[in-house]
Amino acid sequence: MRWLLRVLLALVAVVAIVACVGWLLPVGHEAARSEEFSKPPEAVYALISDVKAYPDWWKDTTSIDMLVDEPNRTTFRQHRSTGPIVMTITERAPPAQMVTKIDDPDQPFGGAWTWEIAPTPSGSRLTITERGEVYNPIFRFMSRFVFGYTGTMDSCLSALKQRLG
């Protein structure tokens, strides 16, 4: 019985330490990842801006529900293995830039991705910059020290690399 109490107290202490460290971390973060492709910027932009086709090339996206699909506004629900997220394309500057933001107040995180495509001598370079926020201090700790800020970007760029060759 005594060992059970010790284990329980140790578990509470670990959770308390994780929460305290999480509170000390900033809510906001910025991270970026890049990849080069042998395709021109127009081809890369066409692929990333066609959100309905994400499930065709990005295995982490199982389906897309189009919520608003108008010339000046696109909002969609992206179903991922970790759950659905509502996203809005807030800026378009083909073929050089697109900005998507999380448009879902029910998530424990928020932020935006800026997709920037620059021409290179052999094709193009895509840089994804995440400007994110993690509201829950325990999740903030996990995001910083366990999951990392770049996992989703790395997954996306890897899938794009496979699709574009």
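For region 53-73, indicate whether the set of residues that are outside any strand (DSSP E or B), within 19 Å of Tyr135 (Cβ to Cβ) and of a type outside the set (D, E, K, R) is non-empty. No, that holds for no residue. Figure legend. Inter-residue proximity from region 34-59: first residues over 12 Å from Thr127 (Cβ atoms), second residues surrounded by fewer than 18 Cβ atoms within 10 Å (Cβ to Cβ) and among the aromatic types (Phe, Trp, Tyr), beta-carbon distance below 9 Å, spacing 6+ or different chains. Indicated pairs: Leu47/Trp57. Looking only at residues in region 37-49 that are within 11 Å of Met98 (Cβ to Cβ) and not aliphatic (A, V, I, L, M), the one that is farthest from the chain's Cα centre (by Cα) is Tyr45. Taking the condition in a helix (DSSP H, G or I), at pLDDT 95 or above and either under 28 Å from Gln162 (Cα atoms) or not small (Gly, Ala, Ser) (or both), does Ile48 pass? Considered against the rule, which asks whether it is in a helix (DSSP H, G or I), at pLDDT 95 or above and either under 28 Å from Gln162 (Cα atoms) or not small (Gly, Ala, Ser) (or both), Ile48 comes out as yes. Among the conditions (1) closer than 18 Å to Val134 by Cα; (2) of a type in the set (Phe, Trp, Tyr); (3) free of Cβ contacts under 8 Å to residues at least 40 places away in the same chain, Phe76 misses just one, which is (1).
Cβ-Cβ contacts under 6 Å between residues 6 or more apart (or on different chains), taken from a first residue in region 139-150 that is closer than 13 Å to Val14 by Cβ to a second residue that is of a type outside the set (Gly, Ala, Ser), are listed as Phe141/Val18; Phe141/Val21. For Trp23, are the conditions met, namely being under 16 Å from the mean Cα position of the chain (by Cα) and either assigned to a helix (DSSP H, G or I) or under 27 Å from Gln162 (Cβ atoms) (or both)? Taking the combined requirement at face value, the residue does not satisfy it.
The set of residues in region 86-100 that are of a type in the set (A, V, I, L, M, F, W, C) and over 15 Å from the mean Cα position of the chain (by Cα) comprises Ala93, Ala96. Of everything listed in (1) modelled with pLDDT under 95; (2) more than 16 Å from the chain's Cα centre (by Cα), the single unmet condition for Gly83 is (2).
If only residues of region 1-22 that are at pLDDT 85 or above and surrounded by 11 or more Cβ atoms within 10 Å (Cβ to Cβ) are counted, the one that is farthest from Pro137 (Cα to Cα) is Ile17.
Residues in region 101-154 that are over 13 Å from the mean Cα position of the chain (by Cα), part of a helix (DSSP H, G or I) and crowded, with 18+ Cβ neighbours inside 10 Å: 2 in all.
The values are calculated or read from the model by the stated rules, or taken from the named source; none is laboratory data. Because the structure is a prediction, the values reported are computed rather than measured. Note that we place each Cβ from the backbone using ideal geometry, even for glycine, and neighbour counts take in every protein chain shown.
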